[in-house]
Amino acid sequence: MSRPLRVIQLQRRDAPLVSCELLAELTPLELLSVDEAWHGDRLAMMRQLMQREIPRSQWPQSLHWDWSRKVLAAPQLIHSVYAIRSESKWLGAMLIRADPRYRVRLGPEAGKEIVYVDFVESAPWNWPVPALDQDVSITGVGTALMLAAVEKSMEEEFGGRLGLHALPQSERFYEAFGMTRVAADAWKQGLVYFEMTQTQAQEAWRKGGWT
Amino acid sequence: MTNKLNTGPTPFFTEMAEIEASCGTITPGGFLVDQGLWQGNRPPTVVPGAAFSRLLELWRRRMGWTLEQFAQHAEVDTEDLLMIEMGMGRPPSPRTVFQIAKVTEIPVGKLMELSGLATPRSGNTREAAVRFAAQSESMAKLSAQEDDALQTFIRILSDPQRGVDRL
């Protein structure tokens, strides 16, 4: 079984706050349950996009990211999987790892360990898809997962330090979250590497974390 | 369940949630790149570009040259070389690559591919480039392992069986 971390409240666009469970270390069986739920959502979305003859260029990029099966197919899970669930519906999932290959690059903390955030996704029914007039219905799923990554880094005694390679469209999110833009890494297809120092992590946690 | 939260999201959380909603997705791309699920909006020559940077850096260090000395031998701008070694900016000019090929005696066609100025014609070369870029670390002195990696890579680049353009 996964490790329940806490109950959090997220904002629903058209209704009061919704209570959600934040879970750490999902088992492969639980991840399979996420995959089952979201795979069906993806197919349904694809069908709608085809029926409406929406050009592929307007399809959500993440529609073909079959990430959960890749993780499940791996001979050994190197990631910790975190997730958010509400009323038995999966809202979001995150892959993180404490990998000695990823260490702080900047400043006096250079060389120290970090939690590396590999992937964050929310449920397909909660994606903004303008072509289908679909908007985000529950906000802050990714934000909550990022705060959980900070907390995990604190638990590991990494001081809340994080590292990640941002997709171009998500760079401004990580800047607003308080992370430092370090460099575009050619070995990660030119994605920009962002880092969160201990001080930045403490600040993000103070402003947005849970007590 | 621990730490039940009775209050709503903080102003910072709400602000971040709105930014998140406007981004479409906030996922990092590390996993996607590793799994080949993200090719990005850039041409697929970016990864070989990393090998080009590393190749020049290791070559220069093996020769015991400073950047300035390398630039003088190749008759190119020091700043251009610096940008290449740091993996920054746009692909270098064809003239710069041509000059580098002359001084290093590496086939210019392969260097054009590595630098992102030409589309790689051989999957083997691309794989070798990725392996090379991943193996070598930026250290002050060339280790035996780096020296081996450099020599192997140059041998692959110079292999006429791999469709090499000779100078």
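Bear in mind these aren't lab numbers, they're just calculated from the coordinates by the rules spelled out. Because the structure is a prediction, the values reported are computed rather than measured. In this analysis, Cβ positions are derived from the backbone assuming ideal geometry, glycine residues included, and neighbour counts consider all displayed protein chains.
Evaluated over the Cα positions of chain A, the convex hull gives a direction-averaged projected area, one quarter of its surface, of 12.4 nm². Sorted on the mean count of surrounding Cβ atoms within 10 Å across their residues, most packed first, peptides B:149-159, B:63-73 read B:149-159, B:63-73. For peptide A:61-68, the mean count of partner chain Cβ atoms within 10 Å of a residue's Cβ comes to 3. In a reduced charge model with +1 at each Lys and Arg Cβ and -1 at each Asp and Glu Cβ, region A:3-208 shows a dipole moment near 220 debye about its Cα centre. Using the Cβ-Cβ distance between A:T199 and B:D159 with R0 set to 41 Å, the FRET efficiency from 1/(1 + (r/R0)^6) comes to roughly 0.20. Report the paramagnetic label zone for A:L32: residues of region A:71-108 whose backbone N is under 19 Å from a point 7 Å from Cα along the Cα-to-Cβ axis. The answer is A:71-83, A:89-90. Only DSSP H runs of four or more residues enter the estimate; each adds -39500 (n - 2.57), and after division by the residues of chain A the mean residue ellipticity at 222 nm equals -9500 deg cm²/dmol. Cross-link partners of B:K102 among aspartates and glutamates, defined as those whose alpha carbon lies under 12 angstrom from its own and excluding same-chain residues fewer than eight positions apart: B:E75.
Electrostatic bookkeeping for A:V18 treats Lys and Arg as +1 and Asp and Glu as -1; over the other residues with beta carbon under 12 Å from its beta carbon, the sum is +1. Based on the alpha-carbon gyration tensor of region A:1-53 and its eigenvalue square roots a ≥ b ≥ c, which shape applies: rounded if a/c is under 1.5, prolate if not and a/b is larger than b/c, or oblate? Note, shape of region A:1-53 comes out oblate.
Holding the Cα-Cα limit at 26 Å, pick out from A:K152/A:K188; A:K70/A:K207; A:K89/A:K207; A:K112/A:K207 the pairs that are longer than that.
Values: A:K152/A:K188 24 Å; A:K70/A:K207 35 Å; A:K89/A:K207 28 Å; A:K112/A:K207 24 Å.
Result: A:K70/A:K207; A:K89/A:K207 exceed 26 Å.
Take peptide A:118-126, look around each residue's Cβ out to 10 angstrom, count Cβ atoms belonging to other protein chains, and average those counts. Don't skip to the end; give the middle numbers.
Numbers: counts 9, 9, 6, 3, 5, 0, 0, 0, 1.
Across A:118-126, the average partner-chain Cβ count within 10 Å equals 4.
Using the Cβ-Cβ distance between B:E68 and B:E105 with R0 set to 22 Å, the FRET efficiency works out to roughly 0.60. Overall dimensions of region A:140-199, expressed as equivalent-ellipsoid semi-axes from the Cα gyration tensor (√(5λ), whole Å, largest first), are 20, 14, 10.
Over the C-alpha trace of the protein assembly as shown, radius of gyration and Dmax come out as 23.3, 72 angstrom.
In this calculation the C-beta distance from A:L106 to A:E157 is compared with R0 = 30 Å, giving a FRET efficiency of 0.95. Hydrophobic long helices, here whole DSSP H runs in chain A with Kyte-Doolittle means of at least 0.5 and Cα atoms spread over 18 Å or more along the helix axis, are found at A:141-155.
Within region A:108-143, find all residues whose amide N lies under 15 Å from a label point positioned 7 Å from the Cα of A:T180 along Cα-to-beta-carbon. Taking a point 7 Å out along Cα→Cβ of A:T180, the residues of region A:108-143 whose backbone N falls under 15 Å are A:108-114. The mean number of partner chain beta-carbon atoms within 10 angstrom of a residue's beta-carbon across peptide A:137-144 is 6.
What's the ranking of A:97-103, A:115-121, A:25-31 by average number of surrounding C-beta atoms within 10 Å, highest first?
Values: A:97-103: 14.1, A:115-121: 26.1, A:25-31: 16.9.
Result, highest mean first: A:115-121, A:25-31, A:97-103.
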